[in-house]
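**Student:** This is the structure, below, for whatever I ask next.
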Amino acid sequence: MNFKKDILLIDLEFTGLNVDKHEIIQFAAVLLDKKTLKEKAFFNSYAAPGNWKNRDRESMKVNKIKSEWLKAAPSLNTVLNNFNKKFKPANVILSYYGGPADMDFLRAAYKRAGVKWQFDYHYFNLWAVFYAYLASNNKLKASKEFAGFNLDYLMKALKIKPLLRHDALADCRMEAEVLRKKIFQIKK
Amino acid sequence: MKFIKDILFFDMVTTGPNSDKDSIMQLSGVLLDKDNLLERANFNSYVRGSYLDSIIQEHAKFLQIEPAVYKRSPKIYDVAKQFYKKFGSGVLLGTHTWKNVLFLKNAFKKAVIPFDYDEHAIELWTLGYIYTLNYGMRKMPTFYTFLDYFKLKQEKPNDALEKARLGAEIFRKIVKEV
C-alpha cells in the first residue's frame with residue numbers, strides 16, 4: 001500500500017443519533033502513515049455537551065461516557081479548533097468506519113462552530129472495504145447483523161485483541177489494526 | 001459471492017457539488033441482486049428545479065435532453081417519494097462518494113420521508129482506490145480513472161442512469177477479484 005496522503009481515521013461518540021438534536025461528546029482520530037499505515041499521531045478529547053438533557057439513554061448505555069468525565073471538557077468549538085490545528089486537511093484523506101453518521105455530525109459541528117470544512121469530499125470508508133472483502137469470500141456469517149458482520153466479528157476472525165469498545169480512540173485503533181491486516185488483497 | 005441485502009447503486013446529476021446550495025437535476029438507481037449482483041430493477045427520473053424557461057433550457061442542455069421533456073419532469077419531493085416507494089429501505093445503498101448520500105438525504109427531507117436506510121453504505125471510491133493501489137497506481141483516482149482502468153465506455157457524460165450502471169459494473173469487477 002502506498003496511499004497518496006496519510007489516512008486520518010476518525011471516530012466520534014454522541015449523546016444520540018439525531019444530528020439535529022444530539023451532540024458530539026468524544027472526538028478521536030489516529031493519523032496513519034500513507035506507506036506503512038502505522039500510527040503517526042493521535043487526537044482524543046471529550047467535549048462538553050451544550051444540552052445534556054437531550055441525551056438518548058440507549059446511546060449513553062453504548063458509549064458508557066459518564067457526565068462527570070465531561071465536566072472539565074472543553075467546548076466542542078475548542079475541540080474542533082484544536083483538531084484543525086493538529087491536522088492539515090489538505091494533507092490527509094479523511095477516513096471513518098461505518099455509516100455516515102460520524103461525518104454528518106462532524107460537518108454539522110463545523111457549520112455550527114463557523115469553522116470552514118476543508119477536507120476533500122472523497123472519504124475512505126473502511127466499512128465498505130471490509131464488507132466487500134467478506135462478501136466476495138462468502139464470509140458474511142453473522143445473520144443477526146444487517147450487513148452480516150460487525151467490527152467485533154471481524155476482529156475475532158483476524159485474531160485482533162479487543163480494546164475498550166465504544167471508546168472513540170480505542171475504536172479508531174482497532175479499525176486501523178483491521179486495515180493493517182491487509183485483508184483486501186487482489187487475487188492476481 | 002453472497003451479500004446479505006440487495007444493493008441499490010444510485011447516482012445523480014446535480015447543479016454543483018454543494019448539497020446545501022445545489023440541487024439534483026437527475027436521480028437514478030439500479031438495484032443489484034444480493035446473490036449475483038445482476039440488475040433487478042432500475043429507477044430514472046429528471047428533476048425539474050425551476051419554472052423559469054431560461055433555467056429549464058440550461059439544465060436540459062446540460063442533460064442533453066429536450067427542454068420539453070425536462071419541463072414535464074416532477075419536482076424533487078415527488079422524485080424522492082417515487083424512489084423510496086420503488087425500492088423501500090431494506091436495501092444497502094451504494095454510490096460513488098458520500099456526497100451523493102448527502103444530496104439524497106436532503107431530497108428526502110424536502111419530501112418529508114424518513115431516511116431509514118441502514119446507516120452503512122458502499123462508497124465505490126474507497127473500494128476503487130484500494131483496488132487500484134494494489135495494482136500500483138499512485139494517484140488519487142476519480143470515477144473516470146476507474147472507467148479508464150476497467151476499459152468501460154461512457155456514452156452519455158451527463159446521464160445519471162448510465163453512471164449508476166457503470167458504478168455497478170466497477171463494483172462487480174472489484175469484488176470478483178478480492
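**Student:** Among the numbered criteria (1) modelled with pLDDT of 95 or more; (2) under 30 Å from residue A:179 (Cβ atoms); (3) surrounded by fewer than 17 Cβ atoms within 10 Å (Cβ to Cβ), which one does residue B:136 miss?
**Tutor:** Here residue B:136 clears every test but (1).
**Student:** Another question, then. Quick one: how many residues across the range B:57-98 are assigned to a helix (DSSP H, G or I), of a type outside the set (Gly, Ala, Ser) and without any contact (Cβ under 8 Å) to a residue 24 or more places away in the chain?
**Tutor:** Qualifying residue count, the range B:57-98: 7.
**Student:** Identify all residues within the range B:123-167 that are within 13 Å of another protein chain (Cβ to nearest Cβ) and aliphatic (A, V, I, L, M); write none if there are none.
**Tutor:** B:124, B:127, B:130, B:133, B:137, B:140, listed by residue number.
**Student:** Could you say whether any residue in the range A:146-165 is over 22 Å from residue A:21 (Cβ atoms), within 12 Å of chain B (Cβ to nearest Cβ), without any contact (Cβ under 8 Å) to a residue 12 or more places away in the chain and aromatic (Phe, Trp, Tyr)?
**Tutor:** yes
**Student:** Counting only residues that are surrounded by fewer than 22 Cβ atoms within 10 Å (Cβ to Cβ), part of a loop (DSSP other than H, G, I, E, B), within 13 Å of another protein chain (Cβ to nearest Cβ) and not aliphatic (A, V, I, L, M), how many does the range B:1-56 have?
**Tutor:** 14
**Student:** Okay, moving on. Keeping to the range B:151-178, report how many residues are touching a helix residue (DSSP H, G or I) at 6+ places or on another chain (Cβ under 9 Å), over 12 Å from residue B:95 (Cα atoms) and assigned to a helix (DSSP H, G or I).
**Tutor:** So the answer is 5.
**Student:** Also: In the range A:145-154, which residue that is in contact with a Lys or Arg (Cβ under 8 Å, 6 or more places away or on another chain) and either part of a loop (DSSP other than H, G, I, E, B) or over 22 Å from residue B:5 (Cβ atoms) (or both) is modelled with the highest pLDDT?
**Tutor:** A:149
**Student:** Looking for something in contact with a Leu (Cβ under 9 Å, 6 or more places away or on another chain), without any contact (Cβ under 8 Å) to a residue 40 or more places away in the chain and small (Gly, Ala, Ser) - is there at least one such residue anywhere in the range B:110-122?
**Tutor:** yes
The values are calculated or read from the model by the stated rules, or taken from the named source; none is laboratory data. This is a predicted model, so every value here is computed, not measured. FYI the Cβ positions are ideal-geometry reconstructions off the backbone, even for glycines, and counts take in every protein chain you see.
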